[in-house]
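In what follows, a structure is listed as structure tokens, so that the remarks can point back to it.
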Amino acid sequence: MPERTIATFTIKRLEILDDKGNADERLMPSLEEVDIRRMYELLVLSRTFDERALNLQREGRIGTYPSIFGQEAAQVGSAYALDKSDWVFPSFRETGMYIAMGYPLPLLFQYWSGDERGLISPQGLNILPVSVSVGTHIPHAVGAAMAVRYRRDRAAVIAYFGDGASSKGDFHEGFTIAGAFRLPVVFLCQNNQWAISMPRERQTAADTLAQKALAYGFEGVQVDGNDVFAVYRATREALEKARNGGGPTFIECYTYRLSHHTTSDDASRYRSREEVEQWKRKDPIDRLELLMEKRGLLSGKDRREVKERSLEIIDAAVREAESVPPPGADEMFLNLVEKPSRRQSKQMTGMKNADV
Amino acid sequence: MPTCNMVQAINLALREEMAKDDRVLVIGEDVGMDGGVFRVTDGLLGEFGPERVVDMPLAESGIVGAAVGMALYGLRPVAEIQFMGFIYGSFDQIFSHAARMRNRSRGRFCCPMVIRTPYGSGIKAPELHEESAEAFFCHMPGIKVVVPSGPFNAKGLLVSAIRDPDPVLFLEPTRLYRLVRENVPDEEYTLPLGKARIVKEGGDVTVIAWGSMLERVVKAVEPYSADVIDLMTLSPFDEETVLESVRKTGRAVIVHEAAKTCGFGAELAATIAEEAILYLRGPVLRVTGYDVHVPLAKLVDSYLPGVDRIRKAIDEIMRY
Ligand SMILES: Cc1ncc(C[n+]2csc(CCOP(=O)(O)OP(=O)(O)O)c2C)c(N)n1
Ligand SMILES: [Mg+2]
């Protein structure tokens, strides 16, 4: 018996909008002008939030913050494809997703200032709290997708995570289960090329992250993560597929973290200025502006107005967040379990009198 | 009223709860077609179908993580980890997520889920099939830890665990799975979590144990006048019952199968010292497994607290 090739594979990469603001009309998703404008506003709002958060951190008004600078399109583009009632399992670098889903901005500032009450997702939004332990929330999305299937609901489920997370065991276990049951779930990886100081090549010898999906029996695609239209299109298609029983999809958004890992990191220790400068030329917002200018959707005045409006929204959100009285010390005992134990109750009362 | 062993009693609890509440699902390795390696889930697949009795890929973290996701969505999964030695692969899911989701989301989301797992020694199996790792989980706020000691209480406790709004780790002592039969009502009853059971009353010494150690404790105390307490829930444990008894007898012996250092006995001893030291006539003694890995079959009996070691401890404390 001769040796035969029993499997070969190809991985697609989707790009629609280039750095010069030209869109491939054949691939351009059907979006009204108002949608394009709204996407633009959300991108600018996300960046404005990010800039403000970095400043607030320097002033000591919030704690450690992970910047989304450079990744706005991956987050806004994907979230724009979601329904409000879809189930979203974020990691910790998803400010743009929260903003595009309509999460109250004051809550985000409140959370990053160290107040867990900022993670109380309003009723009607099914956004899970920030998940700090890298990649470990992937199986939750898988379980929620099992529940969606069991309930015969129309909801779709999406998990957000980074390139570093693709090395975790929970990525493997989650993908394994999702594939085995063909679950209605979308895995959206923002491959921003770095996991703190670890470059993408050191994370895995695989050429793309997208190809990993094939080993679990479902589709993986790479998209230009700095192209809001490509991300939107890929996510929308994956969600539709999920809702129609077509199973999971893995989307690798090829993007870049333009800022430090967090406010406590110094990225100059491990990567070159040239690399960063090169990626700055692929700025997702610049590209969309070029396209909109070409189409007569954005004048210089519009641009200034969108930025000013964003600044106003952010100012108001910061004011609101900072006017919230800090949590009472009791807060740490609330919601541990529905009914605190005798010991927890005792500790809670004891705390007030500084009992032993 | 049928007489059941513990396997059947747990099966009955699952069946009844699944029939009553369509949010209850069973997931795990070999739980469907095979009915579980101990047959605890036997017949459930036939009765409830593959949507509710889900044979999962071999992925402990994935199983517990998926159960978390199901619970967040509003279901009440009962996940089986095939043996406690394999729960280590899902620590992250239990500690970082199941136990914290309610707190992290300040009550917006919670994880009403049960993780069942065979626990403790006595089945002559390979390494990691006979672990008693309860103490890790008792250290973690946000999750309850329950250990039944017989068919009747297994059923009542499991029903409560399934209905509990928070995650519960349900440890099933394999040694007891088929050891005794008891009358187990097939109509609904529950036993409250967090409440201990007084197995036997006496005046001179309090012996505290749970799970498979109880049987030998009951034998060991025959010549004495002892209170025997079966904790049944380790976290949160029933401080009142323990302290009341110790204040009465003035002597406490704690018996557990797990290693001594940082075992759950340490928490009990510390609590007794903090709350009742002035009632004590002598030191609180712990009779436990040694600080070694639980050995395989040839040595396991040398490892476990036996009747003789328990009696020795009681004799020692009776001198005070
Ligand atoms: C399980 C785990 N290990 C380590 C860390 C510390 N840590 C936080 S973020 C990070 C890198 C994550 O990289 P990636 O998944 O690519 O996401 P990115 O930060 O690039 O958004 C590390 C190592 C963590 N939070 N969780
Ligand atoms: Mg990364």
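The values are calculated or read from the model by the stated rules, or taken from the named source; none is laboratory data. Here the structure is a predicted model, which means the values were calculated and not measured. When we count neighbours, we look across all protein chains shown, and the Cβ atoms used for this are built from the backbone with ideal geometry, even at glycine.
The residues listed here are A:Ser67, A:Ser91; of these, the one that is within 14 Å of chain B (Cβ to nearest Cβ), within 16 Å of ligand 2 (Cβ to nearest atom) and closer than 19 Å to A:Tyr254 by Cβ is A:Ser91. Scan the stretch B:272-320 for residues that are of a type in the set (A, V, I, L, M, F, W, C), within 13 Å of B:Arg216 (Cβ to Cβ) and either in contact with a Leu (Cβ under 7 Å, 6 or more places away or on another chain) or exposed (fewer than 15 other Cβ atoms within 10 Å of the Cβ) (or both) and jot them down. Correct list: B:Ala313 only. Residues considered: B:Ala71, B:Ala79, B:Ala66, B:Ala99. Of these, the only one that is among the aliphatic types (A, V, I, L, M), in contact with a Lys or Arg (Cβ under 8 Å, 6 or more places away or on another chain) and either touching a residue at least 24 places away in the same chain (Cβ under 8 Å) or not assigned by TED's automatic domain parsing to the domain that holds B:Arg163 (or both) is B:Ala79.
Grab the helices (runs of 4 or more DSSP H) fully contained in the stretch A:105-217, keeping just those with 1 or more residues being within 16 Å of ligand 1 (Cβ to nearest atom) and among the polar types (S, T, N, Q). Counting at least 1 such residues, we get A:200-203. Is it the case that B:Val228 is at pLDDT 95 or above, more than 14 Å from every other protein chain (Cβ to nearest Cβ) and not in a helix (DSSP H, G or I)? Yes. Just one of the listed residues (B:Ala66, B:Ala59) is in contact with a Gly (Cβ under 6 Å, 6 or more places away or on another chain) and not basic (Lys, Arg), namely B:Ala66.
Any residue in the stretch B:171-183 that is closer than 29 Å to B:Ala66 by Cα, away from every other protein chain (no Cβ under 14 Å), in a strand (DSSP E or B) and of a type outside the set (Asp, Glu)? Within the stretch B:171-183, one or more residues are closer than 29 Å to B:Ala66 by Cα, away from every other protein chain (no Cβ under 14 Å), in a strand (DSSP E or B) and of a type outside the set (Asp, Glu). I'd like to check something: does the stretch B:111-124 contain any residue that is of a type outside the set (Val, Ile, Thr), more than 14 Å from chain A (Cβ to nearest Cβ), surrounded by fewer than 23 Cβ atoms within 10 Å (Cβ to Cβ) and in contact with a Gly (Cβ under 6 Å, 6 or more places away or on another chain)? Looking through the stretch B:111-124, none of the residues is of a type outside the set (Val, Ile, Thr), more than 14 Å from chain A (Cβ to nearest Cβ), surrounded by fewer than 23 Cβ atoms within 10 Å (Cβ to Cβ) and in contact with a Gly (Cβ under 6 Å, 6 or more places away or on another chain). Any chance the stretch B:58-73 includes a residue that's out of contact with any Pro (no Cβ under 8 Å at 6 or more places or on another chain), among the aromatic types (Phe, Trp, Tyr) and surrounded by fewer than 24 Cβ atoms within 10 Å (Cβ to Cβ)? Scanning the stretch B:58-73 turns up no residue that is out of contact with any Pro (no Cβ under 8 Å at 6 or more places or on another chain), among the aromatic types (Phe, Trp, Tyr) and surrounded by fewer than 24 Cβ atoms within 10 Å (Cβ to Cβ).
Looking at the stretch B:81-92, which of its residues are more than 7 Å from every other protein chain (Cβ to nearest Cβ) and over 18 Å from B:Ser235 (Cα atoms)? B:Ile81, B:Gln82, B:Phe83, B:Gly85, B:Phe86, B:Tyr88, B:Gly89, B:Ser90, listed by residue number.
Set side by side, the residues B:Leu268, B:Leu191, B:Leu231, B:Leu214 differ, and just one is touching a residue at least 24 places away in the same chain (Cβ under 8 Å), surrounded by fewer than 23 Cβ atoms within 10 Å (Cβ to Cβ) and among the aliphatic types (A, V, I, L, M), which is B:Leu191. Taking the criterion of being in contact with a strand residue (DSSP E or B) (Cβ under 7 Å, 6 or more places away or on another chain), within 12 Å of ligand 2 (Cβ to nearest atom) and free of Cβ contacts under 8 Å to residues at least 40 places away in the same chain, the only residue of the stretch A:196-226 that qualifies is A:Arg200.
Residues in the stretch A:172-195 that are within 16 Å of A:Gly225 (Cα to Cα) and within 8 Å of ligand 2 (Cβ to nearest atom): A:Gln190, A:Asn191, A:Asn192, A:Gln193, A:Trp194.
Answer yes if at least one residue in the stretch A:92-99 is in a loop (DSSP other than H, G, I, E, B) and among the polar types (S, T, N, Q), and no otherwise. Taking every residue of the stretch A:92-99 in turn, none turns out to be in a loop (DSSP other than H, G, I, E, B) and among the polar types (S, T, N, Q). Checking A:Gly143, A:Gly124 one by one, the residue that is within 19 Å of B:Arg102 (Cα to Cα) and more than 7 Å from chain B (Cβ to nearest Cβ) is A:Gly124 and no other. Is it the case that some residue within the stretch B:192-209 is in contact with a strand residue (DSSP E or B) (Cβ under 6 Å, 6 or more places away or on another chain), within 26 Å of A:Ser345 (Cβ to Cβ), polar (S, T, N, Q) and within 14 Å of chain A (Cβ to nearest Cβ)? Checked against the condition, which is being in contact with a strand residue (DSSP E or B) (Cβ under 6 Å, 6 or more places away or on another chain), within 26 Å of A:Ser345 (Cβ to Cβ), polar (S, T, N, Q) and within 14 Å of chain A (Cβ to nearest Cβ), the stretch B:192-209 yields no hits at all.
For the stretch B:201-225, filtered to residues that are among the hydroxyl-bearing types (Ser, Thr, Tyr) and part of a loop (DSSP other than H, G, I, E, B), the residue that is nearest to B:Gly122 (Cα to Cα) is B:Ser212.
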